[in-house]
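Colleague: Okay, handing you the structure first.
The values are calculated or read from the model by the stated rules, or taken from the named source; none is laboratory data. For clarity, every value in this text was computed on a predicted model and none was experimentally measured. Here Cβ is always computed from backbone atoms with ideal geometry, including for glycine, and neighbour counts include all displayed protein chains.
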Amino acid sequence: MIMTRPLRPARVSSFLHRFVLPLAVAAVVLGLAAPRPAEAVRIKDIASFSGVRDNQLVGYGLVIGLGGTGDSRDAFTSDALSNMMERMGVALDPSKLKARNVASVMVTANLPVSAKAGSSIDVTISSIGSATSLQGGVLLQTPLKGIDGKVYALAQGALILGGYTADGAAARTQKNTTTVGSIPGGATVEREVPFSFNTQSELTLHMQIADFSTTQQVAERLNQSLGGNYASAPDISTITIQVPGPYQGNLVPLLASVENLEVTPETRAKVVVDEKTGTIVIGRDVRVARVAVAHGNLQVTVQESTQVSQPGPFSQGQTVASPVTDINTREENRNLNIVEGATLQELVDGLNSIGASPRDLISILKNLKASGAMFADLEVI
């Protein structure tokens, strides 16, 4: 018979520190060091259903109540104001109108396909005349029309601006743009968009990114979830879904389950550079072969000045001004650097080792692509 003695508290603490804690720390470290799988995204974030979209509305209107910052020399504003007053029973001569507190504007809005008559939508108001500010203005009732010429909403209300302007006799200050404003919920829907939603027997899913691998993956994921061969991909960015029998006439539960399915999208390796701002975006799958890169910074400085030669006193000479141009060039001598990248972090470290600025990196990336050492699409915007 083997007798065991209970461990004393001191021995228990020693045992935990010597054996249990190191194992726990090792488990955590191994878990962090393990490769992380690519992140999955919902189908609703990479695709959209055909027909479920916004419709653009536009209309011409007048903003009143401006403190002398309206249209001052635009004849169409005077004509529009005269016509509006005439419809209200007031006859005015457009040539005699000098209402500087009125501005002609274009009113735009997006009408969701699900918007019902009586619901409200946001509108944006933009000046189209010589008005300098719409601050404090009120939009008069403006019909908003669709591409078919029919009126779908009416907009009216006080404007909200994201800036302000103030001026005096000798100074003027302005923050942001004062000729564009908005009215949250400023338009009332009067006509609904005709759309037969629940009567569809086939749904079309449009992929935002055209990629064969991602499209096929989404189709397979849909078939797996629906339990049959209901989804197919006729092209690189389109998936058609045959509505299963239990969902005929009741598509909301089907779309709710489809758009929340998760997939791991595949995209082409791409590098996007913006030469105007010097911005560089490198995708996760970009790879660079082992190459040696040397980049020298050449600076040319041209300085213009004028040298004035004056004659001596009482010499009756003339003052002569001669232009002087001073040109200096400076080129940095830099060594070759080995650049390669099997991962995005290795690529970033290799480019940083060159010590180039973002604008210099744009030239380096172009040359890497031209040499065939960079395995990615290069897009310049």
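Colleague: So which of ILE160, ILE183 ends up being surrounded by fewer than 18 Cβ atoms within 10 Å (Cβ to Cβ) and either assigned by TED's automatic domain parsing to the domain that holds ARG100 or touching a Lys or Arg at 6+ places or on another chain (Cβ under 8 Å) (or both)? Full working, then the answer.
Modeller: On the way: ILE183 fails: surrounded by fewer than 18 Cβ atoms within 10 Å (Cβ to Cβ).
That would be ILE160, the only listed residue that is surrounded by fewer than 18 Cβ atoms within 10 Å (Cβ to Cβ) and either assigned by TED's automatic domain parsing to the domain that holds ARG100 or touching a Lys or Arg at 6+ places or on another chain (Cβ under 8 Å) (or both).
Colleague: Quick one: what pairs do we get from the stretch 168-191, first residue polar (S, T, N, Q), second assigned to a loop (DSSP other than H, G, I, E, B) and at pLDDT 95 or above, C-beta under 7 Å, 6+ apart or different chains?
Modeller: none
Colleague: Give me a count of the residues in the stretch 202-220 that are part of a helix (DSSP H, G or I), under 26 Å from PRO246 (Cα atoms) and not small (Gly, Ala, Ser).
Modeller: Qualifying residue count for the region: 5.
Colleague: Shifting gears a bit: Given the criteria surrounded by fewer than 13 Cβ atoms within 10 Å (Cβ to Cβ) and either outside the structural domain of THR215 (by TED's automatic domain parsing) or of a type outside the set (A, V, I, L, M) (or both), does PRO265 qualify? Spell out the reasoning first.
Modeller: Working: surrounded by fewer than 13 Cβ atoms within 10 Å (Cβ to Cβ): no; either outside the structural domain of THR215 (by TED's automatic domain parsing) or of a type outside the set (A, V, I, L, M) (or both): yes.
So PRO265 does not fit the description; no.
Colleague: Go through (1) among the acidic types (Asp, Glu); (2) over 29 Å from the mean Cα position of the chain (by Cα); (3) over 30 Å from LEU144 (Cβ atoms) one by one and return the number of the condition ASP211 breaks.
Modeller: Unmet for ASP211, out of (1) among the acidic types (Asp, Glu); (2) over 29 Å from the mean Cα position of the chain (by Cα); (3) over 30 Å from LEU144 (Cβ atoms): (2).
Colleague: Now, a different point. Scan the stretch 283-311 for residues that are over 30 Å from ASP349 (Cα atoms) and modelled with pLDDT of 75 or more and jot them down. Walk me through it before giving the result.
Modeller: Going residue by residue through the stretch 283-311, those that are over 30 Å from ASP349 (Cα atoms) are 301-311.
Residues satisfying the conditions are SER305, THR306, GLN307, VAL308, SER309, GLN310, PRO311.
Colleague: Can you name every residue in the stretch 202-236 that is without any contact (Cβ under 8 Å) to a residue 24 or more places away in the chain and among the hydroxyl-bearing types (Ser, Thr, Tyr)?
Modeller: TYR230, SER232
Colleague: For residues that are surrounded by fewer than 17 Cβ atoms within 10 Å (Cβ to Cβ) and not aromatic (Phe, Trp, Tyr), scanning just the stretch 189-199, find the one that is nearest to ARG42 (Cα to Cα). Step through it out loud before you land on a result.
Modeller: Step one: list which residues in the stretch 189-199 are surrounded by fewer than 17 Cβ atoms within 10 Å (Cβ to Cβ), which gives 190-192, 194-199.
From the residues that got through so far, the ones that are not aromatic (Phe, Trp, Tyr) too are 190-192, 194, 196, 198-199.
Numbers: GLU190: 34, ARG191: 33, GLU192: 30, PRO194: 29, SER196: 26, ASN198: 23, THR199: 26 Å.
Across the stretch 189-199, the extreme among qualifying residues is ASN198.
Colleague: Check the stretch 33-44 and report whether any residue there is among the aliphatic types (A, V, I, L, M) and without any contact (Cβ under 8 Å) to a residue 24 or more places away in the chain.
Modeller: Start the filter on the stretch 33-44 by keeping residues that are among the aliphatic types (A, V, I, L, M), which leaves 33-34, 38, 40-41, 43.
Filter again for without any contact (Cβ under 8 Å) to a residue 24 or more places away in the chain, leaving 33-34.
Yes, some residue in the stretch 33-44 is among the aliphatic types (A, V, I, L, M) and without any contact (Cβ under 8 Å) to a residue 24 or more places away in the chain.
Colleague: Quick check on ALA166: is it part of a strand (DSSP E or B), over 22 Å from THR77 (Cβ atoms) and aliphatic (A, V, I, L, M)?
Modeller: yes
Colleague: Any residue that is closer than 30 Å to GLN174 by Cα and either surrounded by fewer than 14 Cβ atoms within 10 Å (Cβ to Cβ) or under 28 Å from the mean Cα position of the chain (by Cα) (or both) - is there at least one of those in the stretch 46-58? Give the derivation first.
Modeller: Taking the stretch 46-58 first, the residues closer than 30 Å to GLN174 by Cα are 58.
In the following step, the residues that additionally are either surrounded by fewer than 14 Cβ atoms within 10 Å (Cβ to Cβ) or under 28 Å from the mean Cα position of the chain (by Cα) (or both) were identified as 58.
Within the stretch 46-58, one or more residues are closer than 30 Å to GLN174 by Cα and either surrounded by fewer than 14 Cβ atoms within 10 Å (Cβ to Cβ) or under 28 Å from the mean Cα position of the chain (by Cα) (or both).
Colleague: Moving on. Take the stretch 130-153 and flag every residue that is surrounded by 18 or more Cβ atoms within 10 Å (Cβ to Cβ) and in a loop (DSSP other than H, G, I, E, B).
Modeller: Hits for the stretch 130-153 are ALA131, THR132, SER133, LEU134, GLN135, GLY137.
Colleague: Filter the stretch 343-378 for residues that are within 19 Å of THR267 (Cβ to Cβ) and either touching a Lys or Arg at 6+ places or on another chain (Cβ under 6 Å) or in a loop (DSSP other than H, G, I, E, B) (or both) and give the result.
Modeller: Passing the criteria: THR343, LEU344, PHE375, ALA376, ASP377, LEU378.
Colleague: Take the stretch 344-381 and flag every residue that is in contact with a Gly (Cβ under 8 Å, 6 or more places away or on another chain), crowded, with 16+ Cβ neighbours inside 10 Å and under 11 Å from ILE280 (Cβ atoms).
Modeller: Selection gives ILE362 alone.
Colleague: Okay, next question. Would you mention how many residues in the stretch 116-163 are basic (Lys, Arg) and under 21 Å from PHE76 (Cα atoms)? Don't jump to the end; show me each part of the working.
Modeller: Applying the first criterion (basic (Lys, Arg)) to the stretch 116-163 yields 116, 145, 150.
Now drop any that are not under 21 Å from PHE76 (Cα atoms), which leaves 145.
Residues that pass the stated criteria total 1.
Colleague: For residues in the stretch 90-120 being of a type in the set (Val, Ile, Thr) and not in a loop (DSSP other than H, G, I, E, B), which is surrounded by the fewest Cβ atoms within 10 Å (Cβ to Cβ)?
Modeller: Applying the filter and picking the extreme gives THR108.
Colleague: Kindly indicate which of VAL193, VAL123 is among the aliphatic types (A, V, I, L, M), closer than 17 Å to LEU62 by Cα, touching a strand residue (DSSP E or B) at 6+ places or on another chain (Cβ under 7 Å) and outside any helix (DSSP H, G or I).
Modeller: Details: VAL193 fails: closer than 17 Å to LEU62 by Cα.
Residue meeting the stated conditions: VAL123.
Colleague: Report the residue count in the stretch 221-235 for those that are assigned to a loop (DSSP other than H, G, I, E, B) and either under 18 Å from ASP45 (Cβ atoms) or among the basic types (Lys, Arg) (or both).
Modeller: Number satisfying all stated conditions: 0.
Colleague: Does ILE364 satisfy the condition of being modelled with pLDDT of 80 or more and either out of contact with any helix residue (DSSP H, G or I) (no Cβ under 8 Å at 6 or more places or on another chain) or under 23 Å from THR277 (Cβ atoms) (or both)?
Modeller: Yes: the conditions hold for ILE364.
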